[in-house]
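This report refers to the structure that appears directly beneath it.
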Amino acid sequence: MPVSESRVTFPPAFLWGAATSAYQIEGAVREDGRTASIWDTFSHTPGRTAGGDSGDIAVDHYHRYRDDVALMAELGLTAYRFSVSWPRVQPTGRGPAVQRGLDFYRRLVDDLLAHGIRPAITLYHWDLPQELEDAGGWPQRDTAFRFAEYARIVGEALGDRVEQWTTLNEPWCSAFLGYGSGVHAPGRTDAAAALRAAHHLNLAHGLGAVALRSAMPARNTVAVSLNSSVVRTVSQDPADLAAGRRIDDLANGVFHGPMLHGAYPETLPTATSEITDWSHVQDGDLATIHQPLDALGLNYYTPALVSAVSETGSSGPRADGHGASAYSPWPGADDVLFHQPPGQKTEMGWSIDPTGLHELIMRYTREAPGLPLYVTENGAAYDDKPDPDGQVHDPERIAYLHGHLSAVRRAITDGADVRGYYLWSLMDNFEWAYGYEKRFGAVYVDYTTLARTPKSSAHWYGRAARTGELPPAEG
Ligand code: PNW
């Protein structure tokens, strides 16, 4: 029976959310004591972002948050995931907090609560204070301790009103796109530094979780959001399977190993072949990283398809969808080939495959038995344009959301404990190295007037949120 003919209903307590991050939406980069983060520096470096775009204004959420919250409430969303800008709260990454920075988030949270929307805070969505990068950034061990201090400050300030907390968003991107391929801030291309960054992000997560727990009421929950990859291989050939396992270690195990199991994958040193120096992993670190968690956030967009380099084949162009760079975000795995999976693609060139989300959720149901899961990001970029009457129709995005939410529902039927879904993104915003070219929003933003217009997908999703059942994909 085609999916559109069967009813897809969700448990009553299921959270219907949308997600954003501070640098992508706030703007107001020099207001109320905020200083530069690595993304301010990076986006103002010629050649780093499409069109030289930056988050200087972004969608001006810092000044328009009341309207944005009212819009979410009007649509019927029940949860909102956002991130706190570290340099707004602690401009140099050290020392006392800036009260005006914290006040912005307190006003935002109070407004959400007044509208019956559950706030979920992410502490780190990639905007490291530039001063900490100047002191060495994530490859430097001290950065993890600075993060714990920042986590304590925000936990103390907002722990009385926000229950859902996430330490890091997608540490893979911070480590391997930021320090490996260099397509994200700070734009460094040093494989060994990327692996050190990964470890110190893990350590930051563990120290941050401890700091949050000591600063907040015990009822609050602490989680992490991983962009865990679904890694597929072109064949069942042992060489291809081995290539797939290496990428799985570098994409997933390098983070969930320490965080969920207290150990790096035994095969990781093989995955990273020429990188042999692990002296940055100190005694006791793995126990620190291995903190009890209350939930796990999974961000999913598209699966990866890999093979071993065949003895005859040449490597050809990279097709791993991580942006153009001569440097790999997979340290030590240059002999693994990435292929473009078949089928339809979004505007990012990412193939559309809802079965990957089901697979991912089932994998973490096995990897972390009993741990509640949230899909903390899922969505698609399309080339949306308003019709002459000003309406924005995005049937492809509705189809994408229908497919992926149906996959979540199947996973729940198969025994997974998925408590909620956060659509990426609430509204069009600064898509990192792609600037404003890629629109992920359910709400359209006119970048001249900054006016917000809900796309048809926003109305579709709002209906799902209000009824607990997916409307047909046809809208
Ligand atoms: C995530 N990759 O970024 C982020 O959490 C969001 O801020 C972002 O806007 C969204 O997904 C869409 O890109 C990613 O190369 C960036 O694999 C790059 C990759 C994955 C996620």
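The values are calculated or read from the model by the stated rules, or taken from the named source; none is laboratory data. Worth saying up front: this structure is predicted, and the values here are computed from it rather than measured. For neighbour counting, all protein chains shown are included, and Cβ atoms are generated from backbone atoms with ideal geometry for every residue, glycine included. The area values use the complete protein model at the heavy-atom level, side chains included, leaving out ligands, DNA and RNA. Shrake-Rupley method; radii C 1.70, N 1.55, O 1.52, S 1.80 Å.
Points to keep in mind about this one:
- Residue identified as open to solvent by less than 20 Å² (accessible area, probe 1.4 Å) and within 16 Å of the ligand (Cβ to nearest atom) among 59, 69, 8: 59
- Of residues in the stretch 358-395 being within 16 Å of the ligand (Cβ to nearest atom) and not in a loop (DSSP other than H, G, I, E, B), the one farthest from the chain's Cα centre (by Cα): 382
Yes or no, residue by residue, for (1) within 27 Å of residue 442 (Cβ to Cβ); (2) open to solvent by 30 Å² or more (accessible area, probe 1.4 Å); (3) without any contact (Cβ under 8 Å) to a residue 12 or more places away in the chain:
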| residue | (1), (2), (3) |
| --- | --- |
| 48 | no, yes, no |
| 63 | yes, yes, no |
| 76 | yes, no, no |
| 111 | yes, no, no |
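- Residue within the stretch 394-407 that is within 28 Å of residue 222 (Cβ to Cβ) and without any contact (Cβ under 8 Å) to a residue 60 or more places away in the chain present: yes
- Qualifying residues in the stretch 113-132 (those that are in contact (Cβ under 8 Å) with a residue 60 or more places away in the chain and open to solvent by 20 Å² or more (accessible area, probe 1.4 Å)) - the one farthest from the ligand (Cβ to nearest atom): 131
- Filtering 198, 135 for residues that are within 20 Å of residue 281 (Cα to Cα), open to solvent by 10 Å² or more (accessible area, probe 1.4 Å) and modelled with pLDDT of 95 or more leaves a single hit, 135.
- Note on the stretch 423-432: residues that are more than 10 Å from the ligand (Cβ to nearest atom) and closer than 26 Å to residue 47 by Cα total 2.
- The residue list 441, 435 contains one member that is at pLDDT 95 or above and either away from the ligand (no atom under 16 Å from the Cβ) or surrounded by 23 or more Cβ atoms within 10 Å (Cβ to Cβ) (or both), which is 441.
- Each residue in the stretch 224-246 was checked for being surrounded by 24 or more Cβ atoms within 10 Å (Cβ to Cβ) and closer than 24 Å to residue 125 by Cβ, and 4 of them qualify.
- Condition check for residue 157: of a type outside the set (Lys, Arg), in a helix (DSSP H, G or I) and open to solvent by less than 10 Å² (accessible area, probe 1.4 Å): no
- Filter pass, residue 228 being modelled with pLDDT under 95 and either outside any strand (DSSP E or B) or of a type in the set (S, T, N, Q) (or both): yes
- Check on residue 419, open to solvent by 10 Å² or more (accessible area, probe 1.4 Å), in a helix (DSSP H, G or I), more than 16 Å from the ligand (Cβ to nearest atom) and within 27 Å of residue 12 (Cβ to Cβ): no
- Answer residue from the stretch 294-339, given it is open to solvent by 30 Å² or more (accessible area, probe 1.4 Å) and modelled with pLDDT of 95 or more and is nearest to the ligand (Cβ to nearest atom) among those: 301
- Check on residue 407, assigned to a helix (DSSP H, G or I) and under 21 Å from residue 344 (Cβ atoms): yes
- Selected residue [among the charged types (D, E, K, R), part of a loop (DSSP other than H, G, I, E, B) and surrounded by fewer than 24 Cβ atoms within 10 Å (Cβ to Cβ)] from 152, 94: 94
- When residue 471 is tested against the conditions (1) open to solvent by 20 Å² or more (accessible area, probe 1.4 Å); (2) over 21 Å from residue 116 (Cα atoms); (3) not aliphatic (A, V, I, L, M), the lone failure is (1).
- Residue identified as touching a residue at least 60 places away in the same chain (Cβ under 8 Å) and touching a Pro at 6+ places or on another chain (Cβ under 8 Å) among 230, 281: 230
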